Amino acid sequence: MRDILVFYSDFDNYSQWKQLLQRELPDLDVRRAEDIEDPSQVRYALVWKPPIRFFHRWPNLELVINLGAGVDALVSRDDLPDVAVTRLSDPNMARMMAGYVLFAVLRYAREIPFFERMQREAQWCYRHPRSPETLRIGVMGLGELGKRAAEELARQGFSVAGWSRSPKRLEGIECYHGLDSLSAFLTDCEILVVMLPSTPDTRGLLDAERLAALPRGARLINVSRGDIIDETALIEQLQSGHLGAATLDVFAKEPLEVSSPLWGMQQVLITPHLASVALPDSAAAQIAENIRRLRQGKPPHHRVDLQRGY
């Protein structure tokens with residue numbers, strides 16, 4: 001009798017994941033929850049935002065794999081058993097995230113929104129590009145994805161500073177840490193990139209007061225979680241002009257409600273939570289390796305501390 005991995009995601013391709021995982025582990029039975037007749041055979045769960053009480057169904061669960069880097073949907077659940085929870089740590093996901101961040105920063109650095117407006121108005125209007133080293137970029141969150149993005153921005157010649165809760169050292173990047181240094185960090189950011197995990201300590205961290213600490217006209221890029229930023233305060237800062245523009249890939253409630261004023265703001269670019277997504281072709285091998293390690297009595301890689309939220 002083969003071990004079963006239960007798959008749950010409303011956003012990912014079940015057939016593709018099943019094919020790739022069974023190529024890595026031919027003895028693994030991959031099924032959707034509704035196709036499982038004997039819940040006691042389920043040993044592993046590969047999930048993205050599973051519904052409440054989902055985990056109660058599997059009494060012999062040994063491993064939960066989160067289909068992504070952010071695990072906030074698994075924090076503070078009363079149905080999750082005391083088993084190892086892992087996240088995906090795929091170099092291709094980090095590369096994808098760094099590419100999105102670089103695109104968003106370059107779009108502002110090269111004044112592309114201005115030229116898009118000039119095109120709509122049929123105006124030939126020149127603006128001389130700034131040297132990248134004169135543009136101050138701040139990256140909030142220096143975990144695996146934030147570190148990769150900050151290093152890529154520095155490689156492109158930008159003046160990059162980073163902020164994290166605990167001390168970090170990154171070559172060529174000025175690093176701040178702790179709440180006591182947050183205001184000083186924000187005051188100097190012409191473009192702020194938010195890459196923090198969603199935890200009890202970070203939710204609402206960028207409130208009205210901290211958004212106001214950014215220099216007037218600053219641009220904001222959020223690729224982490226929508227609840228890091230007070231969305232009402234963000235809208236007010238954009239409406240007042242204190243924030244010059246925003247690129248938003250994540251929101252407090254997703255999908256973003258049709259009634260949100262953000263949709264109608266010309267200075268806002270909205271994308272539907274796609275800055276970095278799990279890539280089955282590369283991530284399947286990582287998942288299979290963790291299952292092999294578990295079968296051998298070894299701890300899995302990339303285990304998450306649900307108390308900390310990452």
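In table form, for the structure just shown:
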{"quantity": "Residue match in region 286-304 (condition: open to solvent by 20 Å² or more (accessible area, probe 1.4 Å), outside any helix (DSSP H, G or I), polar (S, T, N, Q) and in contact (Cβ under 8 Å) with a residue 12 or more places away in the chain)", "calculated": "no"}
{"quantity": "Residue match in region 268-282 (condition: closer than 30 Å to residue 24 by Cα, buried (at least 21 other Cβ atoms within 10 Å of the Cβ) and either at pLDDT 95 or above or hydroxyl-bearing (Ser, Thr, Tyr) (or both))", "calculated": "yes"}
{"quantity": "Hits in region 55-100 (condition: small (Gly, Ala, Ser) and open to solvent by 30 Å² or more (accessible area, probe 1.4 Å))", "calculated": "69, 73, 76, 99"}
{"quantity": "Residues of region 137-174 satisfying the condition of being open to solvent by 40 Å² or more (accessible area, probe 1.4 Å) and either assigned to a strand (DSSP E or B) or of a type in the set (Phe, Trp, Tyr) (or both)", "calculated": "174"}
{"quantity": "Region 179-196 - residue that is assigned to a loop (DSSP other than H, G, I, E, B) and touching a Lys or Arg at 6+ places or on another chain (Cβ under 7 Å) and, of those, most open to solvent (accessible area, probe 1.4 Å)", "calculated": "188"}
{"quantity": "Subset of region 109-136 [open to solvent by 70 Å² or more (accessible area, probe 1.4 Å), outside any helix (DSSP H, G or I) and not acidic (Asp, Glu)]", "calculated": "110, 122, 123, 124, 126, 127, 128, 130"}
{"quantity": "Residues located in region 244-266, provided they are open to solvent by less than 30 Å² (accessible area, probe 1.4 Å) and under 27 Å from residue 70 (Cα atoms)", "calculated": "245, 246, 247, 248, 249, 250, 251, 256, 260, 262"}
{"quantity": "Only one of 237, 266 that is assigned to a helix (DSSP H, G or I) and among the polar types (S, T, N, Q)", "calculated": "237"}
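The values are calculated or read from the model by the stated rules, or taken from the named source; none is laboratory data. Because the structure is a prediction, the values reported are computed rather than measured. No Cβ is skipped: glycine too gets one built from the backbone with ideal geometry, and neighbour counts run over all protein chains shown. Accessible surface areas use protein heavy atoms only, side chains included; no ligands, DNA or RNA. Shrake-Rupley method; radii C 1.70, N 1.55, O 1.52, S 1.80 Å.
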